[in-house]
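The values are calculated or read from the model by the stated rules, or taken from the named source; none is laboratory data. Only a predicted model underlies this, so the values are computations on that prediction, with no experimental measurement involved. Cβ coordinates were reconstructed from backbone atoms using ideal geometry, including for glycine residues, and neighbour counts include every protein chain displayed. For the accessible areas, the whole protein counts, side chains as well, though only heavy atoms, and no ligand, DNA or RNA atoms are used. Shrake-Rupley method; radii C 1.70, N 1.55, O 1.52, S 1.80 Å.
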Amino acid sequence: MTKTILAAGLCGLWMAGGTAAQAQEAGFTWEGSLEIGVDATVDADDRNAEVTDTYLTLEAAFEAALTERISAFGGLTLESVTDADDDRAFDDLGLYVSELGLRFGFGETVISAGKISPVFAVAWDEAPGFYGTSLAEDYELSEMIGVTVDTPVGGAGGVLSFAVFYADDTFLSNSIGNKRGRNSVAAGGVGNTGKLNNVALQYTQEFGDTTAWIGARHLSAGEGDVSDETGIVAGLTHDLGNGFDMIGEVAHFNGAGGGDENATYATLGAAYGVNDWTFSATATLVDTENDTDSMIALGVDRALSERVEVNFGVARFDVGGEKSTALGLAAVVSF
């Protein structure tokens, strides 16, 4: 099954390139973004953590229709593939495949196979502001080998997403340029099992100006883990009108990260848009059995044109008993 899924993804890429004429006729879409910015920890209890990272992130994604029901999809990311442990500027850059595979349409139901990003939670992607997603990113699911199914439920804007997967341990897990190293089962970590024994399920429903979701996931223990991880999540976004939007999400994990502790994440964010400006505030609290981490972030975004914006943020972190303040500034170009 594993080899079949990987072969489907590679076959999709080959077919997309080898039948460019047919794909162009049937339909080809792509999008991308370039972000150049500075992320600086300007004050910290641990002086070694006061690091300025001048970075570049380039992302591109495509989808090419091969037949009426089948399309190839893929994504590439160029970014610093290691964490900054000292001041750096545009260093440690590596290019890697973030997604790659085939997508099959059966009416309104869509099945994707290959290197995928299973659906679980929302705050890790949509919490507002430069630093809004910082702690919620802990539970993002990405770069997995597996299958996802997305299907509408009823006729009132509900979508059910289901995925079986494991952490990518193929050659696609490495990077070109600065090599982050190929992943292997021996590296350990929940979900890094080499088997399709990890699952995620999420239901999303729209109610007018409100979108709500509830989900669950189970990640099997990998090498060195003491337990499986089981998580649940619930949240909503709401358009309050007059430029105000909000997001709230709570996620709880038994055996968080394959350890012997449980963890609960609570994120609340709000944004106010007026003309080309967006002002935001986000707070995240992470409660474990032995500690409590927190983040409070403020953001200001300015749209310079339809495709160019500037983002500024300031955040106060209290993680692992260490307090720090961070400032960030970035220009983002969409294409």
Original post:
Going through segment 195-208 one residue at a time, which ones are in a loop (DSSP other than H, G, I, E, B) and either more than 27 Å from His252 (Cβ to Cβ) or open to solvent by less than 20 Å² (accessible area, probe 1.4 Å) (or both)?
Top reply: Gly208
Subject >> Subset of segment 228-245 [out of contact with any strand residue (DSSP E or B) (no Cβ under 6 Å at 6 or more places or on another chain) and open to solvent by less than 30 Å² (accessible area, probe 1.4 Å)] >> reply: Gly241
Subject >> Selected residue [more than 22 Å from Tyr96 (Cβ to Cβ), open to solvent by less than 60 Å² (accessible area, probe 1.4 Å) and modelled with pLDDT of 95 or more] from Leu66, Leu34, Leu56 >> reply: Leu66
**OP:** Tell me which residues, restricted to segment 141-174, are part of a strand (DSSP E or B), loosely packed, with under 15 Cβ neighbours inside 10 Å and touching an Asp or Glu at 6+ places or on another chain (Cβ under 6 Å).
**Re:** Pro152
Subject >> Hits in segment 37-53 - residues which are open to solvent by 60 Å² or more (accessible area, probe 1.4 Å) and either in a strand (DSSP E or B) or closer than 13 Å to Glu99 by Cβ (or both) >> reply: Val42, Asp43
Original post:
Out of curiosity, is Ala136 aliphatic (A, V, I, L, M), buried (at least 21 other Cβ atoms within 10 Å of the Cβ) and touching a Ser or Thr at 6+ places or on another chain (Cβ under 7 Å)?
Top reply: yes
Original post:
Are there any pairs with C-beta distances below 8 angstrom linking a residue in segment 79-92 that is closer than 21 Å to Ser173 by Cα to a residue that is open to solvent by less than 50 Å² (accessible area, probe 1.4 Å) and of a type in the set (Ser, Thr, Tyr), with the two at least 6 apart or on different chains, and if so which?
Top reply: Glu79/Tyr55; Glu79/Thr57; Ser80/Tyr55; Val81/Tyr96; Val81/Ser175; Asp91/Ser80; Asp92/Ser80
Subject >> Filter result (touching a Phe, Trp or Tyr at 6+ places or on another chain (Cβ under 7 Å) and not aliphatic (A, V, I, L, M)) within segment 254-264 >> reply: Asn262
Original post:
Which members of segment 115-132 meet the condition of being under 24 Å from Asp301 (Cα atoms), in a loop (DSSP other than H, G, I, E, B) and open to solvent by 20 Å² or more (accessible area, probe 1.4 Å)?
Top reply: Val122, Pro128, Gly129, Phe130
Original post:
So how many residues does segment 241-277 have that are free of Cβ contacts under 8 Å to residues at least 24 places away in the same chain and over 20 Å from Asp293 (Cα atoms)?
Top reply: 2
**OP:** Look through Gly248, Gly258, Gly191 and report the one residue that is touching a Leu at 6+ places or on another chain (Cβ under 8 Å), under 22 Å from Asp125 (Cα atoms) and either aromatic (Phe, Trp, Tyr) or crowded, with 21+ Cβ neighbours inside 10 Å (or both).
**Re:** Gly191
Original post:
Which is crowded, with 18+ Cβ neighbours inside 10 Å, in contact with a strand residue (DSSP E or B) (Cβ under 6 Å, 6 or more places away or on another chain) and in contact (Cβ under 8 Å) with a residue 24 or more places away in the chain, of Arg217, Arg180?
Top reply: Arg217
